[in-house]
1. Out of the total accessible area of the chain (probe 1.4 Å, heavy atoms of protein only), what percent is carbon and sulfur?
2. Once you place label points 7 Å from the Cα toward the Cβ at Asp185 and Glu159, how far apart are they in nm?
3. Given a Förster radius of 35 Å and the C-beta distance between Glu75 and Glu21 as r, what FRET efficiency does 1/(1 + (r/R0)^6) yield to the nearest 0.05?
4. Round to the nearest 10 and report in Å² the accessible area of Ser81, as given by a 1.4 Å probe over the protein chains' heavy atoms.
5. How far is helix 143-157 tilted off the main Cα axis of the chain, in degrees rounded to 10, range 0 to 90?
6. Between Ala146, Ala260, Ala43, where does the largest GNM mean-square fluctuation fall for the chain, given springs only between Cα atoms within less than 10 Å?
7. Once R0 is set to 25 Å, what does the formula 1/(1 + (r/R0)^6) return for the Cβ-Cβ distance between Leu201 and Tyr124, expressed as a FRET efficiency to the nearest 0.05?
8. Given contacts defined as C-alpha pairs under 8 Å and at least six residues apart, what's the relative contact order of the stretch 169-222, whole-number percent?
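The values are calculated or read from the model by the stated rules, or taken from the named source; none is laboratory data. Note that the structure is a prediction, hence the values are computed from the model and not measured. All Cβ positions, glycine included, derive from the backbone under ideal geometry; neighbour counts span all protein chains shown. Heavy atoms of the whole protein, side chains included, go into the accessibility calculation; ligands, DNA and RNA do not. Shrake-Rupley method; radii C 1.70, N 1.55, O 1.52, S 1.80 Å.
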Amino acid sequence: MDIENVLRRFEELLSQGRVGEAGQYLEETAAVSERGGDGLAEASCRNELTGFWRVCGQREKSYASAERALALLSENGLAGSIDYATALLNYATAKSAFGESAEALPLYRRVEECYRELLPASDYRRASLYNNMAQALLRDGNTKEAAEYFEKSLRLLAEMTDVDSERATCNTNIAFCLLAEGRLDEAQKSLEVAEEGFRLLPGDPHYDGALSCRGRLEYLRGRYEEAAEAYRRLADNIEGRFGRNINYAAACRSCAKAFAAAGLADEAERFRLLAELAGR
């Protein structure tokens with residue numbers, strides 16, 4: 001099986017907004033690989049599906065895909081390889097995204113050890129790892145170490161080309177760290193750098209992080225209507241890509257909270273109801 005063509009087709013479907021079709025295509029391809037005994041092709045599909053189900057808000061499917069990919073790679077003698085580390089990284093990222101940062105961090109540490117042994121210091125994958133580790137640390141409340149890893153990632157990205165989205169995302173995440181420390185003015189500056197980067201990348205899905213950060217910043221400043229607008233746009237973006245999943249519901253809850261703080265009870269109730277109905 002030509003797995004590169006498979007993954008290219010998967011990405012094409014995603015780029016066309018055919019999200020459900022993309023997931024079904026990759027699931028079916030993985031099943032065909034399994035029946036044909038092509039463990040490495042199946043592992044590649046399962047690895048991609050780990051991230052796909054993560055962003056779709058499907059925790060159990062994401063975890064199952066990651067565990068299957070890791071098992072297949074081990075069975076094929078690739079434990080400790082870069083491919084194995086990548087699958088482990090995706091598993092850790094899923095754990096972190098679903099609120100299990102304490103479980104994610106040891107997995108990230110294992111990836112870091114592998115990358116230290118197998119990759120040059122300037123490799124892009126190190127920057128990606130640092131960014132993901134930092135997000136888990138931030139969710140775990142360790143803002144100081146999180147900021148250090150975000151800065152390490154940004155230093156590497158500054159020396160690379162064609163990573164505009166990654167740089168903007170990293171600046172968004174640094175802004176989140178600064179917000180957690182109450183350093184609102186500094187967070188504003190980092191967020192503005194990120195937003196400027198995303199203006200040159202229309203449709204980039206990572207802009208959702210900047211919208212979430214903008215909503216949080218405006219809320220902390222007491223600008224509740226502006227916060228609600230950011231969260232509303234975030235909810236619209238998520239719905240447009242993935243439907244009314246758990247991430248959509250979370251954005252609606254944040255929007256409702258901001259509208260309530262602004263004294264707009266009707267709007268607050270509308271978004272509370274949207275959050276309750278999401279996924280039903």
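1. Values: 6570 of 13810 Å².
C and S fraction of accessible area: 48 percent.
2. 3.3 nm
3. 0.70
4. About 30 Å², rounded to the nearest 10.
5. 60 degrees
6. It is Ala260.
7. Working from the Cβ atoms, E equals 0.90.
8. Value for the stretch 169-222: 40 percent.
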